[in-house]
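Undergrad: Here it is: the structure, laid out below.
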Amino acid sequence: MTAKLTGGVTFLLDDGPIRTRYGRSEFTGKPTAWLALGDSDGIEISVTDSSAETLAQLEEAVAELRAWAKRQERLAALPEVA
């Protein structure tokens with residue numbers, strides 16, 4: 001498998017939005033699917049050539065990040081210890 005970086009290295013997602021976008025590639029004219037992060041000046045990741053297995057890995061990674069964020073929220077709610 002390969003991954004290609006065609007833009008910046010760090011993107012602050014903050015509160016989104018996150019959406020999917022489908023259309024035709026402006027370069028090839030072929031049907032294309034994207035995962036879009038942020039507003040119109042955000043990042044779009046083409047998933048057109050990704051296998052179902054790769055997309056499942058993405059889903060698993062997002063579930064892991066969700067669990068991490070929930071742990072951080074619980075930790076932030078704990079009282080400070082001197």
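The values are calculated or read from the model by the stated rules, or taken from the named source; none is laboratory data. The structure presented is a predicted model; accordingly, all values stated were derived computationally and were not measured. As a convention, Cβ positions derive from the backbone with ideal geometry for all residues, glycine included, and neighbour counts pool all protein chains shown. What goes into the accessible areas is simple: the full protein's heavy atoms, side chains included, and nothing from ligands, DNA or RNA. Shrake-Rupley method; radii C 1.70, N 1.55, O 1.52, S 1.80 Å.
Undergrad: So what is the relative contact order for the chain, in percent, with contacts set as C-alpha pairs under 8 Å and at least six apart? The partial results should precede the final answer.
TA: Values: 58 pairs, mean separation 13.8, N = 82.
The normalised contact order for the chain reaches 17 percent.
Undergrad: Another question about this same structure. Calculate, in whole percent, how much of the Cα-Cα pair population of the chain lies beyond 19 Å.
TA: Of all Cα-Cα distances in the chain, 53 percent exceed 19 Å.
Undergrad: Measure off, as a whole percent, the carbon and sulfur share of the 1.4 Å-probe accessible area of the range 28-82, all protein chains present.
TA: So the carbon and sulfur contribution to the accessible surface is 57 percent.
Undergrad: Diagonalise the Cα gyration tensor of the range 36-79 and give the resulting equivalent ellipsoid semi-axes, square root of 5 times each eigenvalue, largest first, whole Å.
TA: Values: eigenvalues 165, 55, 3 Å².
The equivalent ellipsoid of the range 36-79 has semi-axes of 29, 17, 4 Å.
Undergrad: Still on this structure, I have one more. What are the chymotrypsin sites (Phe, Trp or Tyr not before Pro) within the range 21-58 that DSSP puts in a loop, where the Cβ has at most 10 other Cβ atoms within 10 Å?
TA: Phe27
Undergrad: I want to check the label-to-label distance for Phe27 and Ala76. Put each point 7 Å from Cα in the C-beta direction and report it in nm to one decimal.
TA: 3.8
Undergrad: Still on this structure, please answer the following. Using a 1.4 angstrom probe, figure out how much accessible area the chain has per residue, in square angstrom, rounded to the nearest whole.
TA: Spelled out: the 1.4 Å probe surface of the chain, per residue, equals 91 Å².
Undergrad: How long is the gain from Val62 to Thr48 if the chain were fully straight, where each residue apart is worth 0.36 nm and the alpha carbon distance is subtracted?
TA: Result for the pair: 3.1 nm of gain on full extension.
Undergrad: Just in the range 38-82: which GluC sites (Glu not before Pro) are loop by DSSP and have at most 14 other Cβ atoms within 10 Å?
TA: Filter output for the range 38-82: Glu80.
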